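Single-structure report; data block below.
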Amino acid sequence: MIVSRTKRAGIAMGAMIVLSLSIAGFSVVQLQAGLETPSEAAIVAAEQKVRGTDTPTAITEYSTFRVPVTGYIAVSVYAREHDSAKANIFMVHGAGGGAWVWEYYFEHLPTYYNVYALSWRGHFDSSSVDDANANDYVVDQEAALAAITTRNDLPTHIIGHSYGGATSVIQAARSEVKIGSLVLLAPVVPLDYTFAQRLIVPAIAPYFIRKAVKNGNELEGTFGGMFLSQSRMRRYHELYAGHDYSTEKLSLIADDGVSPEWQDLLSTSYQEVTNRGIPVSIFMARYDNVVVPHRQRNTAKNTGAKLVEIESGHYIPLDVGVIDVVMATVDILTLP
């Protein structure tokens, strides 16, 4: 029986697809290998620690100002300012977050800091957009920081969480404004693709990521696993994370997040921050369900960043150990 050339080509193509999917599947598993699930005892201990703790003042109780970015897009920046402040702290949330992520920081950071927190476009009360990517968010951050420099000429430290950690590294690497230091909480770090991952993962991963991220801010989605304290998780889901303005923008995760070009930019930005002599500290959550802890550890080692390991889920700014993290951050930052 003679097999036609077209049929042979089809069989060969099918075999290549099956092989590619097999390699990619292995690669995706590798990318998330090393996540640790908290024990029931750890969850119970977290609830005991947060029981009876004070509830911070709502972010909406602080003053706010709008910053035009481009066209119809403007971002909101919440502020806690003091005449006697000696430095600024500029805080950047992650995907699906907003300025509300920083309520405990506004409450507990010493008053010798001015404290600012923006919401990216499409998040919380900033301009609504259907989609956005990492570069858009860096532009938002640059506009917000430029506005802050018109309010005072104090040195500025940046605190970034998750994807906001990554965009803060990119911002600091190209900033014309002097950055005093970077404090990164469970930050997105370079994936360090193998050759096979670099070719295959960006081609097929977006489909699965987009499917998963659609319910990312639901209790049964990604958000539900981001906390060690389940009561804190439910509280902030009800207050903010369960609302439409907290739906993660798909292109940030599915397109930027896995593209080789963006991975290269993130890697070079980490290196440029090191070259600029900007002190970097990474707070790594033991039970991070988003960014694999050992990748954060490797990034800290490769860049010379200070690494602090804590008992927490991915949402460090709101989870059980947040007050300890705030105090540790104050110890790390250097006043002029």
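With only Lys, Arg, Asp and Glu charged, each at its Cβ (+1 for the first two, -1 for the last two), find how big the charge dipole of the chain is about the Cα centre; round to the nearest 20 debye.
Values: 26 positive and 34 negative charges, 218 e Å.
Computed about the Cα centre, the dipole is about 1040 debye.
Charged side chains reduced to their Cβ positions (Lys and Arg at +1, Asp and Glu at -1) give the stretch 62-188 a dipole of some 260 debye around its Cα centre. Please identify every one of the chymotrypsin sites (Phe, Trp or Tyr not before Pro) in the stretch 52-157 that sits in a loop by DSSP and has no more than 13 other beta carbons within 10 Å of its own beta carbon. Those satisfying the criteria are 72, 112.
Distances between placed amide hydrogens fall under 5 Å for residue 188 paired with 162, 163, 165, 166, all partners being 5 or more residues away or on another chain.
Ranking of 256, 244, 140 by solvent-accessible surface, largest first: 244, 256, 140 (1.4 Å probe, protein heavy atoms only, all chains present). Residues 255, 130 ordered from highest to lowest accessible area at a 1.4 Å probe: 130, 255.
Taking amide hydrogens as placed 1.01 Å from N in the peptide plane, the amide H of residue 282 sits under 5 Å from those of 184, 306, 307, 308, each at least 5 positions away in sequence or on another chain. Using R0 = 45 Å, the C-beta based FRET efficiency linking residue 331 and residue 244 works out to 0.75. The residue among 273, 323, 312 whose Cα reaches farthest toward the positive pole of the charge dipole of the stretch 270-336, with charges on the beta-carbon of Lys, Arg, Asp and Glu, is 273. Counted as membrane-span-like here are DSSP H helices of the chain whose alpha-carbon atoms extend 24 Å or more along the helix's own axis and whose Kyte-Doolittle mean is 1.0 or above; these are 5-31.
Using heavy atoms of the protein chains and a probe of 1.4 Å, the accessible area assigned to residue 126 is about 10 Å². Projecting the Cα atoms of 74, 263, 252 onto the charge dipole of the chain (Cβ charges, centred on the Cα centre) puts 263 farthest toward the positive pole. You can think of it this way: the chain between residue 207 and residue 152 has 15.3 nm of extra reach, that is 0.36 nm per residue less the Cα-Cα gap. Once the 1.4 Å probe is applied to the protein heavy atoms, the stretch 73-137 comes out at 26 Å² accessible per residue. Close amide H pairs (under 5 Å, H built 1.01 Å from N) link residue 89 with 114, 115, 116, 157, residues at least 5 positions away or on another chain.
The values are calculated or read from the model by the stated rules, or taken from the named source; none is laboratory data. Nothing here was measured: the structure is a model prediction, and the numbers come from that model. Note that each Cβ is placed from the backbone with ideal geometry, even for glycine, and that neighbours are counted across all protein chains shown. SASA here: full protein model, heavy atoms, side chains in, ligands and nucleic acids out. Shrake-Rupley method; radii C 1.70, N 1.55, O 1.52, S 1.80 Å.
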